[in-house]
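Student: Below you will find the structure I want to go over with you.
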Amino acid sequence: MANPEAAVREQDLLYALDIGTRTVIGLVGVVEEERVRILDAETRPHASRAMLDGQIEDIDQVAAVVSQVTRALEKRVGAPLRRVCVAAAGRSLRTEQGHSTLELPAPQAIGPELVLRLEAEAVSHAEQAIQQAAESQSTRLFLVGYSTTQFSIDRYPMPKPIGHTGQQLEADVVATFLPSEVVDSLYAVLRAASLEVASLTLEPIAALNAAIPADLRLLNLALVDIGAGTSDIAVCRDGSVVGYTMATTAGDEITEALMRSCLVDYPTAESIKARLSGDGEITYQDILGLEQVQSAQQLRASVEPAVQALAGELAERITALNGGPPSAVFLAGGGSKLSGLNARLAAALGLDEKRIAVAGRYFQTSAVSDAVELDDPVYTTPLGIAISAGLGLISDSYRIQLNGAPAKLFRGSGVSAMELLMMNGYRYSDFIGRSGRPLSLTVDGQRRVFYGEPGTPAELMINGAPAQPSAPIHADDSVTFVPAQAGRDRQMSAGELARLLETPGFSRDGEPLPPDAPLRSGYQLTVSLPAAGKPSAPSSAPSPSPAAQPASPSVAVQRPGAAIQIRFNGHPLTLPPKPDGTPYHLMDLLEYSGLDFQHLDSPVSLLVNGRDGAFQQVLRSGDTVDIRKKD
């Protein structure tokens with residue numbers, strides 16, 4: 001590659017890195033007049049199969065190649081490259097639909113907090129569906145983004161609900177997630193190569209930003225980036241990207257077909273594949289050392305079943321994502337050059353072959369170079385990474401700090417605090433500080449409930465000031481989030497209960513319970529009669545925690561201090577003063593209803609004095625609180 005035309009300041013350099021299954025491509029450029037000028041490029045293959053279908057397998061080997069690319073570019077541009085723009089592979093993308101419903105006590109105006117809460121619950125529903133399908137609750141998922149497909153107010157579709165009035169709200173979303181190991185392995189490679197992440201996006205998003213300008217996205221178009229191990233797919237229409245998916249069928253299938261047909265190794269098969277589009281003869285050496293000569297036409301025929309299978313798989317994925325064939329398809333990546341693929345894909349989609357084109361025509365809209373031939377579709381993803389970061393098409397995640405570290409952020413502007421947190425592995429439940437589980441007993445036929453300790457509410461700060469989950473996030477913001485903590489479950493022994501109720505003791509199923517016997521919710525107890533000649537005076541042992549609260553107001557336990565009196569789910573409730581003197585918040589009472597907020601199967605309404613309540617809303621004596629599961 002040619003040297004840059006002039007020396008450029010280090011802080012002005014833009015370094016984009018595409019870590020592919022077979023090769024690592026690095027581009028260095030600068031932003032000039034709303035376009036990215038590419039100064040240099042470097043491509044290095046992996047020494048061995050350190051990646052599988054786009055997923056990093058050997059961190060050290062991949063980091064070594066990344067370092068080689070970085071050092072070569074540093075030498076030629078004459079400046080160190082410390083921060084890098086990257087994209088996560090689409091191989092492990094998980095997309096799922098989610099639904100949520102919110103029933104208000106009375107018709108009211110819909111504000112942004114209600115809409116955000118509705119969307120967040122729908123996203124959580126989608127995440128739960130993914131984890132249940134995977135039969136694993138241990139894998140963290142990063143939210144890449146979501147699209148709200150429909151809002152309804154009182155069962156009437158309402159695309160823009162804010163400002164309208166209604167009582168029953170519903171939302172449907174399509175949410176896309178990445179398992180944490182995909183992002184974590186990418187960050188591990190960059191740390192090993194002494195690089196800092198400047199921005200992060202998804203490979204299909206990057207490729208689309210390079211190949212399809214924003215003004216063309218009003219059309220229903222699909223972009224297919226065919227790499228060695230995977231084919232990333234993105235679909236746009238009506239001005240926005242509506243979905244992403246991927247196929248594990250890609251260029252390697254063609255290479256492997258040539259290996260079997262020609263009896264050659266992988267590099268030789270790759271060389272043959274690059275020459276298939278011609279009409280002449282192709283000479284190669286097989287693994288036995290014999291020189292072979294075949295016509296390009298013969299070799300194309302030998303891989304025809306593999307090409308047909310690739311086209312069929314791509315067509316199936318595109319159709320499923322788009323709900324039918326798109327108006328046109330752009331092919332990108334090294335696999336887009338495969339002879340005969342355009343015709344096979346057009347036939348599989350039922351489109352005119354002219355509607356299938358190789359990406360590159362629109363690269364000059366956003367990029368220019370005197371040193372690199374940018375019309376090569378192999379540059380689609382690395383160029384898209386550079387364009388996305390350099391032209392502000394994604395947020396610069398290094399400029400947003402979350403708990404003192406760069407935030408992982410896959411979307412552009414307009415991100416709320418809650419969306420930022422969900423993109424970094426937090427869940428909707430992290431906002432809810434549930435109380436400890438209550439202990440529910442039946443004593444002489446009367447139900448008594450002793451509540452667990454209140455949970456600690458979540459703390460959300462933006463630039464040092466308390467903030468709501470719906471607060472917008474801007475460049476250079478510093479976000480601090482402390483997840484809510486659950487309170488301790490209520491535990492009690494038979495002796496503690498006897499002292500509390502001033503009884504001699506208890507029996508269960510006709511058998512006396514020793515004083516140190518732990519009690520469990522659901523126990524049915526009978527008060528034991530005192531032995532003859534022995535008084536039934538209460539024990540002088542210290543009384544239990546004042547967190548115990550019988551369900552019936554008639555047996556309320558007396559508590560010292562400045563307690564507050566509220567009405568909870570239709571019944572009076574006395575809340576003892578907290579040890580640290582802080583006030584009670586709505587989220588402190590979430591588990592008083594006995595709901596398990598970690599495994600909800602339907603929405604829950606949170607009301608204070610008949611109005612929709614916020615998690616951090618302070619409660620005062622006389623408030624009426626309702627926390628109920630919707631039918």
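The values are calculated or read from the model by the stated rules, or taken from the named source; none is laboratory data. None of the values given here were measured: they were computed from a predicted structure. Here the Cβ positions follow ideal geometry from the backbone for every residue, glycine too, while neighbour counts run over all protein chains shown. Remember, those area values only see protein heavy atoms, side chains included, never the ligands or the DNA or RNA. Shrake-Rupley method; radii C 1.70, N 1.55, O 1.52, S 1.80 Å.
Student: Could you pull out the residue among V173, V123, V144 that is open to solvent by less than 20 Å² (accessible area, probe 1.4 Å), assigned to a helix (DSSP H, G or I), closer than 25 Å to A206 by Cα and out of contact with any Cys (no Cβ under 8 Å at 6 or more places or on another chain)? Talk me through it step by step, then tell me what you get.
Tutor: Values: V173 fails: assigned to a helix (DSSP H, G or I); V144 fails: assigned to a helix (DSSP H, G or I).
The conditions single out V123.
Student: Select from region 184-220 the residues that are open to solvent by less than 10 Å² (accessible area, probe 1.4 Å) and more than 22 Å from the chain's Cα centre (by Cα) and list them in ascending order.
Tutor: A193, A210, A211, I212
Student: Name the single residue, out of those in region 490-507 being touching a residue at least 40 places away in the same chain (Cβ under 8 Å) and assigned to a loop (DSSP other than H, G, I, E, B), that is surrounded by the most Cβ atoms within 10 Å (Cβ to Cβ).
Tutor: Per the criteria, the residue is R490.
Student: Next question, about the same structure. For region 573-616, name all the residues that are crowded, with 18+ Cβ neighbours inside 10 Å, modelled with pLDDT of 80 or more and not in a strand (DSSP E or B).
Tutor: Y584, L586, G613 - these are the residues of region 573-616 that are crowded, with 18+ Cβ neighbours inside 10 Å, modelled with pLDDT of 80 or more and not in a strand (DSSP E or B).
Student: Test V242 against the stated conditions and say whether it is within 30 Å of T148 (Cα to Cα) and β-branched (V, I, T). I'd like the intermediate steps shown before the answer.
Tutor: Numbers: within 30 Å of T148 (Cα to Cα): yes; β-branched (V, I, T): yes.
The answer is yes for V242.
Student: Does Y284 fit the bill of being aromatic (F, W, Y), without any contact (Cβ under 8 Å) to a residue 24 or more places away in the chain, in a strand (DSSP E or B) and farther than 18 Å from N342 by Cβ?
Tutor: Working: aromatic (F, W, Y): yes; without any contact (Cβ under 8 Å) to a residue 24 or more places away in the chain: yes; in a strand (DSSP E or B): yes; farther than 18 Å from N342 by Cβ: yes.
Yes: the conditions hold for Y284.
Student: Sticking with this structure for a sec: Are any of the residues in region 446-454 touching a residue at least 12 places away in the same chain (Cβ under 8 Å), assigned to a loop (DSSP other than H, G, I, E, B) and either over 30 Å from A417 (Cα atoms) or small (G, A, S) (or both)? Spell out how you get there, then give the answer.
Tutor: First, the residues of region 446-454 that are touching a residue at least 12 places away in the same chain (Cβ under 8 Å): 446-454.
So of that shortlist, the ones also assigned to a loop (DSSP other than H, G, I, E, B) come out as 451-454.
Right, trim to either over 30 Å from A417 (Cα atoms) or small (G, A, S) (or both) and you get 451-452.
Scanning region 446-454, I find at least one residue that is touching a residue at least 12 places away in the same chain (Cβ under 8 Å), assigned to a loop (DSSP other than H, G, I, E, B) and either over 30 Å from A417 (Cα atoms) or small (G, A, S) (or both), so the answer is yes.
Student: Can we say S429 is over 20 Å from the mean Cα position of the chain (by Cα), open to solvent by less than 40 Å² (accessible area, probe 1.4 Å), at negative phi and hydroxyl-bearing (S, T, Y)?
Tutor: Working: over 20 Å from the mean Cα position of the chain (by Cα): no; open to solvent by less than 40 Å² (accessible area, probe 1.4 Å): yes; at negative phi: yes; hydroxyl-bearing (S, T, Y): yes.
Here the answer is no, as S429 does not meet what is asked.
Student: Answer yes or no as to whether P80 is surrounded by fewer than 20 Cβ atoms within 10 Å (Cβ to Cβ), assigned to a loop (DSSP other than H, G, I, E, B) and modelled with pLDDT of 85 or more.
Tutor: Working: surrounded by fewer than 20 Cβ atoms within 10 Å (Cβ to Cβ): yes; assigned to a loop (DSSP other than H, G, I, E, B): yes; modelled with pLDDT of 85 or more: yes.
Against the criterion (surrounded by fewer than 20 Cβ atoms within 10 Å (Cβ to Cβ), assigned to a loop (DSSP other than H, G, I, E, B) and modelled with pLDDT of 85 or more), P80 qualifies.
Student: Here is a follow-up. Return the residues of region 379-395 that are open to solvent by 40 Å² or more (accessible area, probe 1.4 Å) and either modelled with pLDDT of 90 or more or not hydrophobic (A, V, I, L, M, F, W, C) (or both); say none if nothing qualifies.
Tutor: Residues of region 379-395 open to solvent by 40 Å² or more (accessible area, probe 1.4 Å): 391-393.
G392 - this is the single residue of region 379-395 that is open to solvent by 40 Å² or more (accessible area, probe 1.4 Å) and either modelled with pLDDT of 90 or more or not hydrophobic (A, V, I, L, M, F, W, C) (or both).
Student: Working only within region 221-273, note down all residues that are open to solvent by less than 10 Å² (accessible area, probe 1.4 Å), part of a loop (DSSP other than H, G, I, E, B) and of a type outside the set (A, V, I, L, M, F, W, C).
Tutor: Matches in region 221-273: G229 only.
Student: Would you be able to say whether some residue in region 335-356 is open to solvent by 40 Å² or more (accessible area, probe 1.4 Å) and touching a Phe, Trp or Tyr at 6+ places or on another chain (Cβ under 6 Å)?
Tutor: no
Student: Condition test on G487, is it touching a Gly at 6+ places or on another chain (Cβ under 8 Å) and either open to solvent by 20 Å² or more (accessible area, probe 1.4 Å) or outside any loop (DSSP other than H, G, I, E, B) (or both)?
Tutor: Values: touching a Gly at 6+ places or on another chain (Cβ under 8 Å): yes; either open to solvent by 20 Å² or more (accessible area, probe 1.4 Å) or outside any loop (DSSP other than H, G, I, E, B) (or both): no.
No: the conditions fail for G487.
Student: Go through (1) out of contact with any Asp or Glu (no Cβ under 8 Å at 6 or more places or on another chain); (2) farther than 30 Å from G404 by Cα one by one and return the number of the condition G452 breaks.
Tutor: (1)
Student: Could you check G90 against (1) open to solvent by 40 Å² or more (accessible area, probe 1.4 Å); (2) at pLDDT below 85 and say which number it fails?
Tutor: Only one criterion in (1) open to solvent by 40 Å² or more (accessible area, probe 1.4 Å); (2) at pLDDT below 85 is unmet by G90, namely (1).
Student: Here are some conditions: (1) open to solvent by less than 60 Å² (accessible area, probe 1.4 Å); (2) part of a loop (DSSP other than H, G, I, E, B); (3) closer than 26 Å to G392 by Cβ. H474 meets all but one. Which one does it not meet?
Tutor: With respect to (1) open to solvent by less than 60 Å² (accessible area, probe 1.4 Å); (2) part of a loop (DSSP other than H, G, I, E, B); (3) closer than 26 Å to G392 by Cβ, H474 is out only on (1).
Student: A further question on this structure: State whether one or more residues within region 147-154 are buried (at least 22 other Cβ atoms within 10 Å of the Cβ) and either in contact with a helix residue (DSSP H, G or I) (Cβ under 7 Å, 6 or more places away or on another chain) or assigned to a helix (DSSP H, G or I) (or both).
Tutor: Checked region 147-154: no residue is buried (at least 22 other Cβ atoms within 10 Å of the Cβ) and either in contact with a helix residue (DSSP H, G or I) (Cβ under 7 Å, 6 or more places away or on another chain) or assigned to a helix (DSSP H, G or I) (or both).
Student: Looking only at residues that are buried (at least 23 other Cβ atoms within 10 Å of the Cβ), hydrophobic (A, V, I, L, M, F, W, C) and within 31 Å of the chain's Cα centre (by Cα) in region 19-46, which one is farthest from V197 (Cα to Cα)?
Tutor: Out of the qualifying residues, it is V36.
Student: Right, here's the next one. Mind counting the residues in region 365-382 that are within 19 Å of V329 (Cα to Cα) and part of a helix (DSSP H, G or I)?
Tutor: Our first condition is that a residue be within 19 Å of V329 (Cα to Cα); within region 365-382, this holds for 365, 375-381.
Filter again for part of a helix (DSSP H, G or I), leaving 365, 377-381.
Number satisfying all stated conditions: 6.
Student: While we're on this one: Kindly indicate the residue of region 110-132 that is closer than 20 Å to D626 by Cβ and out of contact with any helix residue (DSSP H, G or I) (no Cβ under 8 Å at 6 or more places or on another chain) and also modelled with the highest pLDDT among those meeting that condition.
Tutor: Looking only at region 110-132, we keep the residues that are closer than 20 Å to D626 by Cβ, and these are 110-111, 113-114, 117-118, 121.
Those still in the list that are out of contact with any helix residue (DSSP H, G or I) (no Cβ under 8 Å at 6 or more places or on another chain) too: 110-111, 113-114, 117-118.
Values: I110: 89, G111: 85, E113: 75, L114: 82, R117: 78, L118: 84.
So the residue we want is I110.
Student: Okay, moving on. Any idea which of (1) part of a helix (DSSP H, G or I); (2) surrounded by fewer than 17 Cβ atoms within 10 Å (Cβ to Cβ); (3) in contact (Cβ under 8 Å) with a residue 24 or more places away in the chain is the one A301 doesn't satisfy?
Tutor: With respect to (1) part of a helix (DSSP H, G or I); (2) surrounded by fewer than 17 Cβ atoms within 10 Å (Cβ to Cβ); (3) in contact (Cβ under 8 Å) with a residue 24 or more places away in the chain, A301 is out only on (3).
Student: Step by step: first the residues of region 339-356, then only those that are under 11 Å from A328 (Cβ atoms) and assigned to a loop (DSSP other than H, G, I, E, B), then the one that is nearest to the chain's Cα centre (by Cα). Which residue is that?
Tutor: Within region 339-356, the match that is nearest to the chain's Cα centre (by Cα) is L351.
Student: Kindly establish whether Q11 is modelled with pLDDT of 90 or more, open to solvent by 10 Å² or more (accessible area, probe 1.4 Å) and out of contact with any helix residue (DSSP H, G or I) (no Cβ under 7 Å at 6 or more places or on another chain).
Tutor: Values: modelled with pLDDT of 90 or more: no; open to solvent by 10 Å² or more (accessible area, probe 1.4 Å): yes; out of contact with any helix residue (DSSP H, G or I) (no Cβ under 7 Å at 6 or more places or on another chain): yes.
No: the conditions fail for Q11.
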